[in-house]
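What follows is a short report on a single structure.
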Amino acid sequence: MQWKGRRASSNVEDRRGMGGKGLIGGGIGGLVLFLVIAFLGGDPGQILNSLPADNTATYEETDQDRELSQFVSVVLADTEDVWSDVFRKEGLVYKEPTLVLYSGSVQSACGTAGSSVGPFYCPGDQKLYIDLSFYEELNRKFKAPGDFAMAYVIAHEVGHHVQTLLGTTEKIMPLRQRMSEKEFNKYLVRFELQADYYAGVWAHHAQGMGVLEEGDLEEALTAASAVGDDTIQKRAQGYVVPESFTHGTSEQRKSWFYKGFQAGDIKSGDTFNTRSP
Ligand SMILES: [Zn+2]
């Protein structure tokens, strides 16, 4: 992606090297009203207990991290431009989210999380949380290298912010109290696939801005596929348990991102009213 020298967002909060210590009241013992929406699968309830044992490790920014932090700031700025425009056309106002960079662990309105949970969005404070070391994880563990793979991750989390602004999060999350985990997971999958769709919508407009480079689309599709529940489960345990899927299969994640990339609008992304997403 062409990003050097372009506008960087001012909505980036750098908490690297600060550990999970409290900027926000509440904390582990506090009242957590919102569920964490994590990029990767797993039980959101466990996320709050995933603090690493050593929470005091100091952080030193590497050259790669410096470049990455600039990169994600430009991607965030692009999402601001694109979604402001899309919302305006729908007669709505886009409220920009904050991107929190952290190292090790971080405190959010959704509780305290360690970087092992991967990037996440907290609807409670409308912030995206990313430990930049996830870039290496994408590259090595998920075999999804490239800057646009990381751009897809940011755009997916921003997709959750869009869902929050549109009221979708508020409609879906309370269902958790009313149904079995297995039933709720079906809604979660549709919810996550919609975030992938919105990431695709952003990529559609990024292409329109002329900032995509050859291979970028493939990088995003590879990443979307790499974080599919079936692929992750196969690698981790050798078999898949479809009832436990929370984010969708590799094929679904890839195809909804691509749908958004082709359509470039909100209306074709109704994953909830599609018979089989
Ligand atoms: Zn997600």
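The values are calculated or read from the model by the stated rules, or taken from the named source; none is laboratory data. Keep in mind it's a predicted model, so treat the numbers as computed, not measured. Here Cβ is always computed from backbone atoms with ideal geometry, including for glycine, and neighbour counts include all displayed protein chains. Heavy atoms of the whole protein, side chains included, go into the accessibility calculation; ligands, DNA and RNA do not. Shrake-Rupley method; radii C 1.70, N 1.55, O 1.52, S 1.80 Å.
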Worksheet item: Under a straight-distance cross-link criterion of Cα-Cα below 26 Å, which lysines are reachable from Lys143, leaving out those fewer than 8 residues away in the same chain?
Response: Lys4, Lys234, Lys254, Lys259
Practice prompt. Rank by packing, highest mean first: peptides 82-93, 255-266, 107-118, with packing defined as the count of other Cβ atoms within 10 Å averaged across residues.
Written response: 107-118, 255-266, 82-93
Discussion item. Given contacts defined as C-alpha pairs under 8 Å and at least six residues apart, what's the relative contact order of the chain, whole-number percent?
Written reply: 21
Worksheet item: How do 66-73, 164-171, 220-227 rank on mean C-beta neighbours within 10 Å, highest first?
Response: 220-227, 66-73, 164-171
Worksheet item: About its Cα centre, how strong a charge dipole does the chain have in debye, to the nearest 20, once Lys and Arg get +1 and Asp and Glu get -1 at the Cβ?
Response: 760
Response to the item:
With all protein chains present, the chain has a carbon and sulfur share of its accessible area (1.4 Å probe) in percent of 49
Practice prompt. Evaluate the relative contact order of region 186-277 (contact order divided by residue number), counting alpha-carbon pairs under 8 angstrom at least 6 apart; express in whole percent.
Written response: 49
Discussion item. To check my understanding: the extent here is largest minus smallest coordinate of the Cα atoms along each principal axis. What are those three numbers for the chain, in Å, largest first?
Written reply: 49, 45, 41
Worksheet item: Hey, what number do you get for the chain at 222 nm if only DSSP H runs of n ≥ 4 count, each worth -39500 (n - 2.57), divided across all residues, to the nearest 500?
Response: -14500 deg cm²/dmol
Fill in: For Asp78, net neighbour charge (Lys/Arg +1, Asp/Glu -1) across residues whose Cβ lies under 13 Å away
-4
Practice prompt. Report the relative contact order of region 81-143, percent, no decimals, based on alpha-carbon pairs under 8 angstrom and at least 6 residues apart.
Written response: 27
